[in-house]
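See below for the structure under consideration.
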Amino acid sequence: MSELNATAAALLGLLQDGPATGGQLVAAAEERFGAFFSVTRSQVYRELPALAQEGLVRLGKQGPRSSQQYVITAAGKKAFKAWLASEAGPDHFRSPLILRLVHAGSLTAKQRGALIDTARAAYQAELDDARAAVKAADDPLSKATAEYRQQCVRGALKLVDAVNAL
């Protein structure tokens, strides 16, 4: 068995809750990890066959419109636990919007203004969502995750303000 990447581990972790289709995994990842770990549809549909080939998941019931459930295997549970216990290494945060903001000095004043307006609107909407998630959280872990997201977005808004002050 090869070493799990973070996306594979995220999917195995979600499958601990029970069988799920690719679409259900995408939705569950957004709900559970949205603040700190994005999982795209293409990543999920690329990773699931690889996990099946490794014997870490197996095909479950076929659903409507040819949707395919995946079920974690005993080997998948073992691999996931090994991944959890392994050294995490450094965190990686990738944001195309923040990348644009830190390079905004290369833009004209008008372009920079448009970028700042777009970024502020996007982060304000995300902050509103994060605040709602904090209020809706029904357990301490969900609340802490939502609060983390809220703090990250506040940090991004602070960056927008710094770029605006240039």
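The values are calculated or read from the model by the stated rules, or taken from the named source; none is laboratory data. All values reported here derive from a predicted model rather than from experimental measurement. Cβ sites come from the backbone with ideal geometry, for glycine too, and all protein chains shown count toward neighbours. Protein only, heavy atoms only, side chains kept; ligands, DNA and RNA dropped before computing areas. Shrake-Rupley method; radii C 1.70, N 1.55, O 1.52, S 1.80 Å.
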Exercise for the section: Tell me which of these residue 106 doesn't satisfy, since it passes every other one: (1) under 17 Å from the mean Cα position of the chain (by Cα); (2) more than 23 Å from residue 36 (Cα to Cα); (3) among the hydroxyl-bearing types (Ser, Thr, Tyr). Expected result: (1)
Problem - Residue satisfying all of: in the stretch 147-158; more than 17 Å from the chain's Cα centre (by Cα) and open to solvent by 50 Å² or more (accessible area, probe 1.4 Å); nearest to residue 32 (Cα to Cα) among these - result: 154
Practice task
Look through 71, 57 and report the one residue that is touching a Phe, Trp or Tyr at 6+ places or on another chain (Cβ under 6 Å) and modelled with pLDDT of 90 or more.
Solution key: 57
Handout entry: All positions within the stretch 12-54 that are of a type in the set (A, V, I, L, M) and at pLDDT below 90
Key = 35, 39
Completion exercise
Quick count over the stretch 4-21, residues being part of a loop (DSSP other than H, G, I, E, B) and either of a type in the set (Val, Ile, Thr) or touching a residue at least 60 places away in the same chain (Cβ under 8 Å) (or both), is 2
Handout entry: All positions within the stretch 1-49 that are more than 18 Å from residue 129 (Cβ to Cβ) and of a type in the set (Asp, Glu)
Key = 3, 17, 47
Handout entry: Residue match in the stretch 49-67 (condition: in contact (Cβ under 8 Å) with a residue 40 or more places away in the chain, closer than 16 Å to residue 83 by Cα and among the charged types (D, E, K, R))
Key = yes
Exercise for the section: Could you grab the pairs with beta carbons closer than 6 Å, sequence gap of 6+ or different chains, first residue in the stretch 128-150 and closer than 18 Å to residue 29 by Cβ, second one assigned to a loop (DSSP other than H, G, I, E, B)? Expected result: 145/35; 146/137; 148/35; 149/35
Completion exercise
Within the stretch 71-91, residues being of a type in the set (A, V, I, L, M, F, W, C) and over 9 Å from residue 56 (Cβ atoms) number 7
Handout entry: Subset of the stretch 22-58 [under 17 Å from the mean Cα position of the chain (by Cα), more than 21 Å from residue 144 (Cβ to Cβ) and polar (S, T, N, Q)]
Key = 24, 40, 42, 43
